[in-house]
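Below is one structure, written out as structure tokens; the observations come after it.
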Amino acid sequence: VLDSMSFAHQMSLVAVLLMATVHIMAARMDRALERPQWLSISKGLSVAYVLVHLLPELAEMQSEWLEAWPDRPLRWLDRQVYYAALVGLLLALGLDRISSRKRSAAPRFWLHTSSFAIYNLIIGGFALQIERPSLLILATIAFGAHFMVTDHGLNRQHPRAYTHYGRWVLAGAILLGWIIALATRPHVIIVAGLTGLLGGGILLDVIKEEIPKKQEGRFALFVGGALGYGCLLLVERYLRVHG
């Protein structure tokens with residue numbers, strides 16, 4: 001099967017396997033690493049990815065959407081992907097509010113896990129669309145850091161359920177999303193819409209979870225993670241233009 005796949009698809013498979021491994025190993029890494037340091041760096045890295053890469057990616061997806069559907073109705077409407085991002089943010093916020101009202105731990109856990117699993121499905125398919133190896137590596141690092149932050153929260157709130165079920169569901173969702181995208185080869189309009197939903201959900205996580213609170217984390221490490229990853233994106237962009 002691997003021999004029949006293109007190099008880009010093979011690279012994306014390696015990427016989703018690495019991201020799935022982060023979910024599976026997150027609890028052990030959480031115990032092994034000194035939490036304030038890696039958590040602050042991971043948060044800064046995730047914020048840099050959203051602001052420097054994902055938002056411009058939404059702009060490119062919007063252009064591809066319009067080119068792929070020139071005879072669409074409502075030709076004056078040219079912000080579809082951004083509305084998808086708004087919907088993604090509102091859906092993520094709604095699920096978070098609903099889960100917070102549940103008194104029992106089990107419904108809260110499964111609502112949180114289900115919402116993250118949906119985004120992981122999209123991330124798995126999104127990885128298949130990244131053809132440049134350098135961008136795929138940077139995306140894998142960013143999503144891996146983002147997963148470490150979300151997994152830390154789930155493991156802290158629901159340690160037993162996360163260890164036995166949650167991490168496997170989240171890891172499997174990434175692989176399933178990649179398999180679905182490989183089998184169906186979704187149209188660019190669908191890819192653009194799902195990327196918008198993903199962007200909205202991650203934006204909410206950045207606003208709600210990633211920015212370090214005064215009483216936790218280390219601001220210098222957060223800034224270092226953000227600027228360090230931002231520089232990597234800048235170098236990749238320079239090499240793409242001038243390489």
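The values are calculated or read from the model by the stated rules, or taken from the named source; none is laboratory data. Every value quoted in this text rests on a predicted model; they were computed, and no experiment measured them. As a convention, Cβ positions derive from the backbone with ideal geometry for all residues, glycine included, and neighbour counts pool all protein chains shown. Accessible surface areas use protein heavy atoms only, side chains included; no ligands, DNA or RNA. Shrake-Rupley method; radii C 1.70, N 1.55, O 1.52, S 1.80 Å.
Candidates ILE123, ILE137: the one that is among the hydrophobic types (A, V, I, L, M, F, W, C) and open to solvent by 30 Å² or more (accessible area, probe 1.4 Å) is ILE137. Every test in (1) open to solvent by 60 Å² or more (accessible area, probe 1.4 Å); (2) under 26 Å from LEU204 (Cβ atoms) is passed by GLN62 save one, and that test is (1). Residues of the range 153-176 that are over 19 Å from HIS53 (Cβ atoms) and either open to solvent by less than 20 Å² (accessible area, probe 1.4 Å) or charged (D, E, K, R) (or both): GLY153, LEU154, ARG156, HIS158, ARG160, TYR162, GLY166, ARG167, LEU170, ALA171, ALA173. Considering each of LEU86, LEU91 in turn, give the residue that is among the hydrophobic types (A, V, I, L, M, F, W, C), open to solvent by 50 Å² or more (accessible area, probe 1.4 Å) and touching a Ser or Thr at 6+ places or on another chain (Cβ under 9 Å). After ruling out the rest, the residue left standing is LEU91. Pairs meeting the criteria (first residue in the range 135-158 and in contact (Cβ under 8 Å) with a residue 12 or more places away in the chain and more than 19 Å from ALA117 (Cβ to Cβ), second residue hydrophobic (A, V, I, L, M, F, W, C) and open to solvent by less than 20 Å² (accessible area, probe 1.4 Å), beta carbons under 6 Å, at least 6 apart or on different chains) are LEU136/ALA15. There is no residue in the range 130-149 that is in contact with a helix residue (DSSP H, G or I) (Cβ under 7 Å, 6 or more places away or on another chain), acidic (Asp, Glu) and in a helix (DSSP H, G or I). Residue count for the range 202-243, restricted to those that are closer than 24 Å to LEU128 by Cα, at pLDDT 85 or above and open to solvent by less than 50 Å² (accessible area, probe 1.4 Å): 4. Given the criterion open to solvent by 30 Å² or more (accessible area, probe 1.4 Å) and modelled with pLDDT of 85 or more, identify the matching residue among LEU45, LEU18, LEU33, LEU2. Criteria check complete, one pass: LEU18. Only one of the numbered conditions (1) small (Gly, Ala, Ser); (2) farther than 20 Å from GLY196 by Cβ; (3) more than 15 Å from the chain's Cα centre (by Cα) is not met by GLY44, and that is (3).
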